[in-house]
Amino acid sequence: SDENARAVATRAIAHGFDRETPLDRRFFFYMPFEHSEALADQDRCVDLFREWAAAHGPEAAERLREHLWFVERHHEIVRRFGRFPHRNQTLGRNSTEAEIEFLKEPNSGF
């Protein structure tokens, strides 16, 4: 259902529904891109979340740091591996040696 979630989010954003939603709930429109294994979706997600964080103003920067860390971490993993290695076993995919080593690190799965 990830593809469906991205399609709905894409249409909603195109119609400006995210901007009509209260700021503290707006990020729900952007999460389908955070969970995508497509780098273009990850790029879009980072841009959307950075805009969302900036809209809160500088006084909220500390509070939003954790949100942005997770978004950037997802992006980094997909950029590095082209997918989320922590999904490999569930999806029946073989892990590379690099992925196996990565999965031993803290914060390697979500």
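The values are calculated or read from the model by the stated rules, or taken from the named source; none is laboratory data. Not measured: the values here are computed from a predicted model. Glycine gets a Cβ as well: all are built from the backbone with ideal geometry, and neighbour counts include every protein chain shown. Ligands, DNA and RNA are stripped out before the accessible areas are found, and what is left, the full protein with its side chains, is counted by its heavy atoms. Shrake-Rupley method; radii C 1.70, N 1.55, O 1.52, S 1.80 Å.
Is it fair to say GLU37 is touching a helix residue (DSSP H, G or I) at 6+ places or on another chain (Cβ under 7 Å), acidic (Asp, Glu), in contact (Cβ under 8 Å) with a residue 24 or more places away in the chain and not in a helix (DSSP H, G or I)? Yes; evaluated as a whole, the condition is true for this residue.
Of all the criteria given as (1) under 19 Å from ARG19 (Cα atoms); (2) touching a helix residue (DSSP H, G or I) at 6+ places or on another chain (Cβ under 8 Å), the one not satisfied by ARG93 is (1).
Yes or no, residue by residue, for (1) at pLDDT 95 or above; (2) under 17 Å from the mean Cα position of the chain (by Cα); (3) of a type in the set (Phe, Trp, Tyr); (4) outside any helix (DSSP H, G or I):
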position: GLU3; (1), (2), (3), (4): no, yes, no, no
position: ASP18; (1), (2), (3), (4): yes, yes, no, no
position: LEU48; (1), (2), (3), (4): yes, yes, no, no
position: GLU51; (1), (2), (3), (4): no, yes, no, no
position: ARG79; (1), (2), (3), (4): yes, yes, no, no
position: ASN94; (1), (2), (3), (4): yes, no, no, yes
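Specify the residue that is nearest to GLN42 (Cα to Cα); the eligible residues are those in segment 96-110 that are hydrophobic (A, V, I, L, M, F, W, C) and assigned to a helix (DSSP H, G or I). Before you say what the answer is, go through the steps one by one.
Going through segment 96-110, the residues hydrophobic (A, V, I, L, M, F, W, C) turn out to be 98, 100, 102-103, 110.
If we keep only those that are assigned to a helix (DSSP H, G or I) as well, we get 98, 100, 102.
On the way: ALA98: 21, ILE100: 22, PHE102: 19 Å.
Among those that are hydrophobic (A, V, I, L, M, F, W, C) and assigned to a helix (DSSP H, G or I), it is PHE102.
Whenever a residue of segment 94-109 is under 18 Å from HIS35 (Cα atoms), its partners that are assigned to a loop (DSSP other than H, G, I, E, B) and of a type in the set (A, V, I, L, M, F, W, C), lying with C-beta atoms within less than 9 angstrom and at least six residues away or across chains, give the pairs GLY109/PHE84; GLY109/LEU103. For segment 23-46, does any single residue satisfy the condition of being under 27 Å from LEU91 (Cβ atoms), open to solvent by 70 Å² or more (accessible area, probe 1.4 Å), at pLDDT 95 or above and more than 14 Å from the chain's Cα centre (by Cα)? The answer is no; no qualifying residue exists. Going by what's in this entry, would TRP52 be described as of a type in the set (A, V, I, L, M, F, W, C) and open to solvent by 90 Å² or more (accessible area, probe 1.4 Å)? It is false that TRP52 is of a type in the set (A, V, I, L, M, F, W, C) and open to solvent by 90 Å² or more (accessible area, probe 1.4 Å). Filter segment 53-77 down to residues that are among the aliphatic types (A, V, I, L, M) and under 11 Å from the mean Cα position of the chain (by Cα) and give me whichever is modelled with the lowest pLDDT. Filtering first and then ranking leaves LEU68.
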